[in-house]
Amino acid sequence: MTFFKKKKNKTESTQKHWSITRECLNLILECAKTEYPNEFGGFLHVDTDEKNTITEIVILPGTISGDHHAIFRMHMLPIDFSNVGTVHSHPSHSNRPSNADLQLFQKYGKVHIISANPFNEFSWQAYNHKGEEIAMKII
Ligand code: ZN
């Protein structure tokens, strides 16, 4: 007799499978390159029909003009629930979230993208609100 039953992996069934359009990803990489050596920051928007597909980014005003701390601007904005998450660039080669990033991730949305130098298809990573790496499909 056993008291341990195998449970279905809860996180598996409740976790959303996120996608991003190639067009949107290209725009993120383009913005990151343009802003380098500064950071760029923005919000991720989903298609209204395909709720798990990121189709649009809204770039924060003010991050364009030599602001080194895009992340702190995001902290100052009111919460808008039409945003599913955030995106920002790291001028460094690390796409790991900083402590400030983790605080932001918890505050806004469900999915977050960090694009690190050299801002190509292999140097970005998606995270959930806890700062854990998640898979994101490019469609
Ligand atoms: Zn960061």
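The values are calculated or read from the model by the stated rules, or taken from the named source; none is laboratory data. Values in this document were obtained by computation on a predicted structure and should not be read as measured data. Please note: Cβ atoms are built from the backbone with ideal geometry, for glycine as well, and neighbour counts cover all protein chains shown.
Here are the numbers:
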| read-out | value |
| --- | --- |
| Residue in region 116-130 that is within 15 Å of the ligand (Cβ to nearest atom), assigned to a helix (DSSP H, G or I), over 24 Å from Lys16 (Cβ atoms) and at pLDDT 90 or above present | no |
| Cβ pairs under 8 Å, 6+ apart, first in region 15-30 and on the phi < 0 side of the Ramachandran plot and of a type in the set (Gly, Ala, Ser), second surrounded by fewer than 12 Cβ atoms within 10 Å (Cβ to Cβ) and in a helix (DSSP H, G or I) | none |
| Residue that is more than 12 Å from the ligand (Cβ to nearest atom), at pLDDT below 90 and either of a type outside the set (Asp, Glu) or surrounded by fewer than 20 Cβ atoms within 10 Å (Cβ to Cβ) (or both), where the choices are Val84, Val111 | Val84 |
